Structure formats: structure tokens, C-alpha cells
1. Is the shape of the stretch 66-143 rounded, prolate or oblate, going by the alpha carbon gyration tensor and its root eigenvalues a ≥ b ≥ c, with a/c under 1.5 for rounded and a/b larger than b/c for prolate?
2. Using per-residue counts of other Cβ atoms within 10 Å, averaged over each peptide, order 51-58, 9-16 from highest down.
3. I need the peptides 17-27, 97-107, 77-87 ranked by packing, meaning the mean over residues of other C-beta atoms within 10 angstrom, with the highest value on top.
4. How far apart, in nm, are two points set 7 Å out from the Cα along the Cα-to-Cβ line at Ile7 and at Leu56?
5. About the Cα centre of the stretch 62-126, what is the dipole size in debye to 20, counting +1 per Lys and Arg Cβ and -1 per Asp and Glu Cβ, all else neutral?
6. What net charge do the residues around Arg43 carry, taking every other residue with its C-beta under 9 Å from that of Arg43, with Lys and Arg at +1 and Asp and Glu at -1?
7. Return the long-range amide H neighbours of Cys32 (sequence gap of 5 or more, or a different chain), with a cut-off of under 5 Å between placed amide H atoms.
8. Say we join alpha carbon atoms closer than 10 Å with springs in a Gaussian network model of the chain; which of Gly50, Gly111, Gly95 then has the biggest fluctuation?
Amino acid sequence: MTIPARISIVTLGVADLKRSEAFYASLGWERCPSSSDEICWFRTADSYLGLFPYGLLAEDARVAPGTPGAFGGITLAICLESEEAVTAALAEAAGKGARILKPAERTDWGGFSGYFADLDGHPWEVAFNPSFPIGPDGRITIP
């Protein structure tokens, strides 16, 4: 298996969700209707930007906030077509030298996800989300 070369979602850890949401909206970015008080989604040309509270994002990836080199307020996500694909991708990443931050597990949002850190420590989430379908071009759709 080859891990697909795609960036589906870039999630930024933010100090004040409402303030950050207002900033990106002021740039003219399209806010997704599925945004909530917990997370805000914006459509970009070929992926999505998520805004999520910094501490909660660090907690989800199981990294310490503010630790130099461990977490910089961003996680990158690869969305895959199934739970099995998530498990296989995490195993492949580990086999290439990545460090597993969070083994794949069922989530409270109805999906399946885990995290690995690349060789420089950047956290990548590998996820299956049945609510975000993947099109034939590899792009996800966030409602």
C-alpha cells in the first residue's frame, strides 16, 4: 500500500475559536454549515481548514501543548475510505520511521482515527469519517 499524497484537512489550534472564525470569514473564506461551537470548517480550493481549540487539539493528538518540537498548533489529516485503510496506513507510516502518537480507535464523532508523527514530529491524523465522503479524485466533502 502507498499512502495517498493528499491533504484533506489542515486543522489549526487556536486560542479563541470565535475570534479566529471571524478572522477567516473576514478574508472571504466560505464557512461550512456543519461548523459548531466546538470546531469551525472553511472550504478551500481543494481541501478544508478546521479551527479547533489549541489545548483540545493537542489532547486529541496526545501531544503536550507548548512543548518545542512536539506540537506547533497544527495537525494534518489524511482521510481514507475505511477503518482497515486507516489501520494499514498507520502501520505503513510506522514502518517508514514515523512514531505512532495515538493508535487507531473509534471516535466520539462516529469515525475511526489515529495519529502518527513524521520524522520531524509533525502530527498527522489518519481518519475514516463516514460523514465526509471521498470522491473519485481523492477529495473529501465536508457538509
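Derivation of every value follows stated rules applied to the coordinates shown; laboratory data play no part. Keep in mind the model is a prediction, meaning the values are calculated, not measured. We place every Cβ from the backbone using ideal geometry, glycine too, and count neighbours over all the protein chains shown.
1. Prolate.
2. Top to bottom by mean Cβ count within 10 Å: 51-58, 9-16.
3. Highest mean packing first, the order is 77-87, 97-107, 17-27.
4. A separation of 2.4 nm, rounded to one decimal place.
5. For the stretch 62-126, the charge dipole is close to 260 debye.
6. With Lys, Arg at +1 and Asp, Glu at -1, the neighbours total 0.
7. Amide H to amide H, under 5 Å and 5 or more residues apart or across chains, Cys32 pairs with Trp41, Phe42, Arg43.
8. Highest fluctuation among the options: Gly95.
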